[in-house]
1. Quick one: in region 43-73, of everything that is among the polar types (S, T, N, Q) and more than 16 Å from the ligand (Cβ to nearest atom), which residue is nearest to Gly152 (Cα to Cα)?
2. Here's a check for you: in region 110-125, which residue that is surrounded by fewer than 22 Cβ atoms within 10 Å (Cβ to Cβ) and touching a residue at least 40 places away in the same chain (Cβ under 8 Å) is farthest from Tyr181 (Cα to Cα)?
3. Say whether the condition of being surrounded by 15 or more Cβ atoms within 10 Å (Cβ to Cβ), hydrophobic (A, V, I, L, M, F, W, C), closer than 30 Å to Ser2 by Cα and in contact (Cβ under 8 Å) with a residue 12 or more places away in the chain is met by at least one residue in region 136-152.
4. Take region 74-107 and flag every residue that is among the small types (Gly, Ala, Ser) and farther than 22 Å from Gly152 by Cβ.
5. Which of (1) within 13 Å of the ligand (Cβ to nearest atom); (2) under 30 Å from Ala102 (Cβ atoms); (3) of a type in the set (Lys, Arg) is the odd one out, the single condition Lys146 does not satisfy?
6. Restricting to region 178-190, name every residue that is crowded, with 16+ Cβ neighbours inside 10 Å and not in a loop (DSSP other than H, G, I, E, B).
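Read-outs: derived from the displayed coordinates by stated rules, not from any lab. It should be emphasised that the depicted structure is a prediction, and the values quoted were computed from it without experimental measurement. Please note: Cβ atoms are built from the backbone with ideal geometry, for glycine as well, and neighbour counts cover all protein chains shown.
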Amino acid sequence: MSIAENIKKIKNSIPPNVTLVAVSKTKPVEAILEAYNVGQRDFGENKVQEMVAKYEVLPKDINWHMIGHLQTNKVKYIAPFVYLIHGVDSIKLLKEINKRAAQNNRIIKCLLQVHIAKESTKFGFDLKEVEDLLNTNDIKAFKNVKIVGLMGMATFTENKEQIRNEFSNLSNLFNRLKPNYPEFEILSMGMSGDYEIAIEEGSNMVRIGSSIFGERNY
Ligand SMILES: *Cc1c(COP(=O)(O)O)cnc(C)c1O
């Protein structure tokens with residue numbers, strides 16, 4: 001199937017309140033344009049340089065999502081245009097995003113990445129840390145970032161019950177925090193292999209790469 005057909009198929013299978021982020025990392029601008037031409041506007045990248053290069057040549061109404069681990073020294077390159085940063089995993093990073101957003105007269109939307117997987121390698125805050133974090137004065141003082149929700153990745157496993165449990169834990173946290181944080185609106189969870197489960201557990205933003213663009217060759 002073509003990229004355009006894959007996009008249509010996925011869009012038809014997910015509820016209208018769920019935003020599809022097409023993860024275009026490693027894929028050429030031609031592939032992104034094919035998706036763009038059937039109406040796709042949200043694209044995810046995990047490397048700063050690659051995102052900047054694509055931003056420069058592609059239509060300016062694309063929403064660029066930074067989904068990878070972001071180093072503080074690279075925030076300045078994406079601050080002028082990035083739409084949503086999914087992987088905020090430290091106060092230090094948030095502070096830098098706030099600083100660079102201010103320099104660009106912007107308020108940059110961010111998601112706190114929460115560590116829900118069993119694997120120890122994944123970045124993010126612990127489930128228990130998130131609420132305390134949101135209440136720190138540090139975070140409240142950041143006027144140029146807006147924390148609009150949470151992001152998480154499940155363990156890479158065949159065990160569907162484990163995946164469901166991990167998503168459910170994050171969803172419960174999101175729903176518990178939401179009444180106290182009116183800006184909370186996005187729960188980003190689900191990739192090609194597990195987005196159906198993620199949506200069943202309450203995700204309203206899925207990040208899908210290989211099911212749209214095919215396998216990646218690194
Ligand atoms: C690569 C990536 C995705 C997309 O993965 P697929 O399995 O190709 O859909 C989603 N989220 C993050 C954080 C990624 O790095």
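1. If we take residues in region 43-73 being among the polar types (S, T, N, Q) and more than 16 Å from the ligand (Cβ to nearest atom), then Thr72 is nearest to Gly152 (Cα to Cα).
2. Lys118
3. Yes: region 136-152 contains one or more residues that are surrounded by 15 or more Cβ atoms within 10 Å (Cβ to Cβ), hydrophobic (A, V, I, L, M, F, W, C), closer than 30 Å to Ser2 by Cα and in contact (Cβ under 8 Å) with a residue 12 or more places away in the chain.
4. Answer for region 74-107, where residues must be among the small types (Gly, Ala, Ser) and farther than 22 Å from Gly152 by Cβ: Ala79, Ala101, Ala102.
5. (1)
6. Scanning region 178-190 gives Ile186, Leu187, Ser188.
This table checks each residue for (1) of a type in the set (Phe, Trp, Tyr); (2) within 15 Å of the ligand (Cβ to nearest atom).
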site: Phe174; (1), (2): yes, no
site: Pro179; (1), (2): no, no
site: Glu185; (1), (2): no, no
site: Ala198; (1), (2): no, yes
site: Glu201; (1), (2): no, no
site: Met205; (1), (2): no, yes
site: Ser211; (1), (2): no, yes
site: Tyr218; (1), (2): yes, yes
